[in-house]
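Q: First, the structure itself, so that you have it in front of you.
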Amino acid sequence: MNRLIWKRRLPLIFLSLLTIIIGFGRTRSVQAVDPPCTGSGCNYVDPYNTVCWSNAVIAGSAVASDVITTNRNMYSGDCIANYSYTKYSTYTYLAAETVGVYTYEAPQTYVWVYNTMWDGSGVVCTRGHKGTAPGVYNISTSQICR
Amino acid sequence: MKTKIPTFLLVAVCVMGLSVLYLTTISASADSSQKITSVELISYDANPAFVTTELCIDLPSKAQWFPYAELSFGQTKITNTSILLVGAKQPGILDQQNRCYILNFPLQENQELHGQAILTLLTLKADLEGGLMTDAGVLATQKQLAQTHPGVEFTTFTESGTGGGGGGIKFTALPKGVTEDQAMAWVWEASEITAQVDWSVKLDFSK
């Protein structure tokens, strides 16, 4: 008799556990994470794998004359910092520049590149470059200042 | 009688859990509704290098949408090369579904703009759940690609270096005859959501 009751309940128990596990997973994914730095404390800090990356706003975007090379001025409100993100449609030599501060020139071909952050409490300008070798760029986007 | 209360509890947990899943699924798929209720022209201006316009748009969802437009005058048609989100540094900007954008249209040297021009908002684009920059976006793109181009499977990577980093797309399965460049175009296509727009306005530059 007890076995029969448990057999009937098994799908319900399974479903309950499944919903709890999935619900827990979703709750975890929206939990707040402390920023690794804020403002000038973020100067030259790598945003990747931090909340500065995952919660960033695309504050502006510019496309170059080839209509493919795109630069995004990324702003993280949690970190009060901007960084530059450049992408292309396939693997090529790319650079991500924060104007007047620093340009990350990728040493190998990538589809997207980014640079380290800069204090976002003021206006920060970014632009992107695409070329044929590291430091040799023939396509650039206009500046995006946010 | 002893068995009825636990059964009721189990059913209640199931109903609650499924309700939560249903609601989160609705909010996750809200991007696909892609309906624009209004567009408002705030200002426009021309200088020798650029025509600049500001538009406020009721967006289809809270995704990070970006507008793409065309400016036509005479036989000339120009698309915007940059987009600035107005108030991008304001807290909670992404919670607003009405956002304003400044669009820049580059003018060629000696390209004169007199009289009337027509500004047409062509489309809105956003990264699918964060696009290829986020794990959730990559997963969503993989699912989308499985529907649009079955047999094309990929992963992404991003690696940090000194002063920045880079990443790319790696294919784990490709149908015979499909090149990586072709497949990469499909991945980019699958990583975006678009909303078509039918809105235009006349701009007067005769003054």
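The values are calculated or read from the model by the stated rules, or taken from the named source; none is laboratory data. Nothing here was measured: the structure is a model prediction, and the numbers come from that model. Glycine gets a Cβ as well: all are built from the backbone with ideal geometry, and neighbour counts include every protein chain shown. SASA here: full protein model, heavy atoms, side chains in, ligands and nucleic acids out. Shrake-Rupley method; radii C 1.70, N 1.55, O 1.52, S 1.80 Å.
Q: Across region B:167-191, what is the number of residues that are surrounded by fewer than 17 Cβ atoms within 10 Å (Cβ to Cβ) and part of a strand (DSSP E or B)?
A: Number satisfying all stated conditions: 4.
Q: Using beta carbons and a limit of 8 Å, which pairs, at least six apart or on different chains, have the first residue in region A:41-66 and touching a residue at least 60 places away in the same chain (Cβ under 8 Å) and on the phi < 0 side of the Ramachandran plot and the second one acidic (Asp, Glu) and open to solvent by 40 Å² or more (accessible area, probe 1.4 Å)?
A: Final answer for the pair search is A:52/A:78.
Q: State which residue pairs qualify: first residue aliphatic (A, V, I, L, M) and inside region A:105-117, second residue outside any strand (DSSP E or B) in any location, beta carbons under 6 Å apart, and separation of 6 or more residues or different chains.
A: If the second residue must be outside any strand (DSSP E or B), the pairs left are A:113/A:106; A:117/A:42; A:117/A:45; A:117/A:47.
Q: Going by what's in this entry, would residue A:41 be described as more than 11 Å from every other protein chain (Cβ to nearest Cβ) and assigned to a helix (DSSP H, G or I)? Explain how you work it out, then say what you get.
A: Values: more than 11 Å from every other protein chain (Cβ to nearest Cβ): yes; assigned to a helix (DSSP H, G or I): yes.
Yes.
Q: Here is a further query. Suppose we filter region A:39-93 for residues that are over 21 Å from residue B:100 (Cβ atoms), of a type in the set (A, V, I, L, M, F, W, C), in contact with a helix residue (DSSP H, G or I) (Cβ under 9 Å, 6 or more places away or on another chain) and surrounded by fewer than 23 Cβ atoms within 10 Å (Cβ to Cβ); how many remain?
A: Residues flagged as over 21 Å from residue B:100 (Cβ atoms), of a type in the set (A, V, I, L, M, F, W, C), in contact with a helix residue (DSSP H, G or I) (Cβ under 9 Å, 6 or more places away or on another chain) and surrounded by fewer than 23 Cβ atoms within 10 Å (Cβ to Cβ) within region A:39-93 amount to 3.
Q: Where the second residue is acidic (Asp, Glu) and open to solvent by 20 Å² or more (accessible area, probe 1.4 Å) and the first is closer than 16 Å to residue A:87 by Cβ and lies in region B:152-175, which pairs have Cβ atoms under 8 Å and are six or more apart or on separate chains?
A: Pairs found: B:164/A:46; B:165/A:46; B:165/B:159; B:166/B:159; B:167/B:159.
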